[in-house]
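The values are calculated or read from the model by the stated rules, or taken from the named source; none is laboratory data. Predicted model, so just to flag it, every value in this text is computed and none were measured. Because the Cβ atoms are built from the backbone with ideal geometry, glycine has one as well, and the counts that use them run over all protein chains shown.
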Amino acid sequence: MAKIRVLIVDDSVVIRRLLTDELNKDPDIEVVGSAATGKIALSKIEQTPPDVVTMDIEMPEMDGLTAVSEIRKKNTRLPIIMFSTLSQRAARETLEALARGANDYVTKPSNVGSAALAIQRVREELLPKIKHLAQTHSGLSHSPPAPRISSANSLTVPAKGKSKSDRVDIVAIGVSTGGPNALAEVLPGIPKGFPVPIVIVQHMPPVFTKCLGERLSTKCQLPVAEGQPGDRVVPGSIWIAPGDYHMTVKRSGAEVVLAMNQDPPENSCRPAVDVLFRSVSQLYGPAVLAVVLTGMGQDGMRGAEVIREHGGAVFAQDEASSVVWGMPGAVVHAGLADKILPLSQVAGEIVRKVQAGRSPVFHPQPVTV
């Protein structure tokens with residue numbers, strides 16, 4: 001079995017050495033080179049083509065943002081994982097890198113002297129992402145392939161159970177790898193006057209979720225914000241779960257509000273999609289539309305099962321348009337998806353589903369993107 005060839009791009013000698021040592025310990029991976037600047041990286045990609053690139057942001061001569069843009073001019077499929085610090089500036093720059101074509105990111109410890117923490121981050125986060133992205137984009141596989149299900153158009157499939165009501169009173173979205181770009185395509189398609197709230201779990205650390213909300217809010221017809229405890233869950237607004245906190249909904253008198261907790265991670269995630277899905281299902285019963293978009297793992301599958309049991313509906317992104325078809329694929333293979341949708345059709349199907357169950361019929365206002 002061919003090894004996954006990795007190029008490490010970082011101006012820190014310590015980080016380059018640490019990544020090289022840790023990645024080379026894995027029998028499926030071979031570090032084929034390293035570079036201290038984006039300019040050197042471009043040359044090495046030409047000389048010794050890798051299967052995956054890890055990319056720092058702040059580097060001399062050519063930074064990571066410029067390097068990503070230059071790589072994408074010649075190679076649209078080469079997986080690029082940003083390896084950035086956990087800071088507000090790094091969060092904004094990482095989101096910009098994703099918009100320019102990077103596939104995913106991992107945060108590195110701000111204190112490079114914390115070798116144990118850095119090694120843990122590499123083993124628990126970077127290694128799995130390298131393997132998943134290499135398999136998805138480079139055709140390399142170190143596990144049996146899953147059955148392929150994809151469609152150029154929306155696909156209605158028999159799902160376990162049956163929706164008890166066509167009415168939707170809340171939309172809940174779960175997403176991970178590839179999520180910022182997926183949300184940037186879906187959410188601008190939700191028009192002003194949308195009659196229900198939208199709550200989202202995007203697997204991201206603190207700081208990043210706040211920056212994501214701010215970035216999306218500039219592109220959308222509806223306000224988008226990082227959720228805070230006590231925020232009123234009202235129609236026509238969008239909330240993203242804050243990093244390191246599970247987000248739930250609860251009743252407060254006659255209102256529904258957001259609540260946060262730091263209960264143990266589920267599916268190695270906090271926030272977890274399953275936690276949000278269970279919560280909205282318990283409160284809204286059959287009037288829930290869950291949407292599972294691109295992401296690694298299977299977070300959201302168990303929650304989708306609960307939503308189906310309560311009579312709610314579930315949409316899943318198709319394989320062809322997903323960066324990684326882990327989360328939506330798990331929902332589809334479990335027989336829980338009412339529809340399997342290309343990303344380009346998700347917003348339209350959400351609006352149609354919400355509109356179909358309302359009387360008088362909801363007439364969305366024109367979208368200006």
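A search for C-beta distances below 6 Å between a residue of the range 339-360 that is modelled with pLDDT of 95 or more and any residue that is among the aromatic types (F, W, Y) and loosely packed, with under 15 Cβ neighbours inside 10 Å, counting only pairs 6+ apart in sequence or on different chains, returns nothing.
Restrict the check to the range 178-198 and report whether at least one residue is in contact with an Asp or Glu (Cβ under 7 Å, 6 or more places away or on another chain), charged (D, E, K, R) and farther than 18 Å from L343 by Cβ. Scanning the range 178-198 turns up no residue that is in contact with an Asp or Glu (Cβ under 7 Å, 6 or more places away or on another chain), charged (D, E, K, R) and farther than 18 Å from L343 by Cβ. Beta carbons closer than 6 Å, at least 6 apart along the sequence or on distinct chains, pair a first residue in the range 23-39 that is in contact (Cβ under 8 Å) with a residue 40 or more places away in the chain with a second that is in a helix (DSSP H, G or I) for I29/L23.
I'd like to check which strands (runs of 3 or more DSSP E) are fully inside the range 1-95 and have at least 1 residues that are within 23 Å of the chain's Cα centre (by Cα).
Counting at least 1 such residues, we get 4-9, 52-55, 80-85.
Scanning the range 200-214 for residues that are surrounded by fewer than 24 Cβ atoms within 10 Å (Cβ to Cβ) and either touching a strand residue (DSSP E or B) at 6+ places or on another chain (Cβ under 6 Å) or without any contact (Cβ under 8 Å) to a residue 40 or more places away in the chain (or both) yields P205, K210, G213, E214. The number of residues in the range 289-321 that are surrounded by 24 or more Cβ atoms within 10 Å (Cβ to Cβ) and in contact with a Pro (Cβ under 6 Å, 6 or more places away or on another chain) comes to 5.
Please go through the range 84-131 and give me each residue that is hydroxyl-bearing (S, T, Y) and at pLDDT 80 or above, ordered by number. Within the range 84-131, S84, T85, S87, T94, Y105, T107 qualify.
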